[in-house]
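Visitor: Pasting in a structure now, in structure tokens, and then I'll have a few things to ask.
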Amino acid sequence: MKSPTVASSCCPTPEPVTSAPPAAAAVFGQRLDLAAAYVDLLATVGVERGLLGPREAPRLWDRHVLNCAVVSDLLPEHTRVVDVGSGAGLPGLALAIRRPDLRVDLVESLQRRTSFLTEAVDALGLGDSVRVVRGRAEDATVQALVGDAPWVTARAVAPLDRLVRWCLPLLADGGTLLAIKGAQAESEISAHRSVIRRLGGDPPIVRDVGTALLPEPTMVVVVRKSAASARREDAV
């Protein structure tokens, strides 16, 4: 298997095609223009390349970018985040735009997505804080490159049991997975609680973020990698 690669290319920032809702200014503050440029990239280049469906364009702010950006409320200052299955950069790029103090690794296995991510990083001027890594979270080469992380994020990647299996090996002991799960969060926890424990995760909890900023808060499943238990990374 090929080693993960850090991609490189660039693309022009498109003309604005979407209007920011009032909540966007509260979430992004002085970096609102940067967030708007990212939304416009998603609405144009992202849709053209099939990373997002055309029906998503009118709801990019509320359903995607703001929903992801508020997850940064759970992150301490000046930390490193590995975003697994980053796709079009959600939540990783939204976090990096809102929080310039973060260092973010965007892990994605598909070439067309890593190409877009790298172009977006270049166009938005985020190269000093964001790295695009092509590969799968479970690849040993990816684990060597981005592992021992204090934080891992993921959104709409896989059921919680598989997600924990892929992501916990990337975490340092005591590190934390933040999985954006939505309304099904509690049911997934109930279904996979025992597997998470066998894989070395502490009991998961659900946190609502963005409650004071968004009409619908973002539901995040928080799984801490136990620093004490004997882990079985190969458990089912």
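Just so it is clear, none of the values below were taken in a lab; they were calculated from the coordinates. Model, not experiment: these values are computed from the prediction. As a convention, Cβ positions derive from the backbone with ideal geometry for all residues, glycine included, and neighbour counts pool all protein chains shown.
Visitor: Simple spin-label model, 7 Å along Cα-to-Cβ: Thr79 to Ala172 in nm?
Guide: Result for the modelled spin labels: 1.1 nm.
Visitor: Right, something else. Could you give the dipole magnitude of the chain about its Cα centre, charging the beta-carbon of Lys and Arg +1 and that of Asp and Glu -1, in debye to the nearest 20?
Guide: The calculated dipole for the chain is roughly 600 debye.
Visitor: How far apart, in nm, are the 7 Å Cα→Cβ label points at Ala158 and Glu186?
Guide: In this crude spin-label approximation the distance works out to 2.7 nm.
Visitor: Rounded to the nearest 0.05, what FRET efficiency do Arg31 and Ala140 give with R0 = 35 Å and r taken as the Cβ-Cβ distance? Could you check?
Guide: 0.45
Visitor: On to the next question. Taking the Cα centre of the chain as the origin and placing charges on Cβ (Lys, Arg +1; Asp, Glu -1), which of Leu199, Pro169, Gly46 is farthest toward the positive end of the dipole?
Guide: With unit charges placed on the Cβ atoms, the residue in question is Leu199.
Visitor: To continue, here is another question. Kirkwood hydrodynamic radius, the stretch 22-167, all distinct C-alpha pairs: what's the number in Å?
Guide: After inverting the pairwise mean of 1/r, the radius is 15.2 Å.
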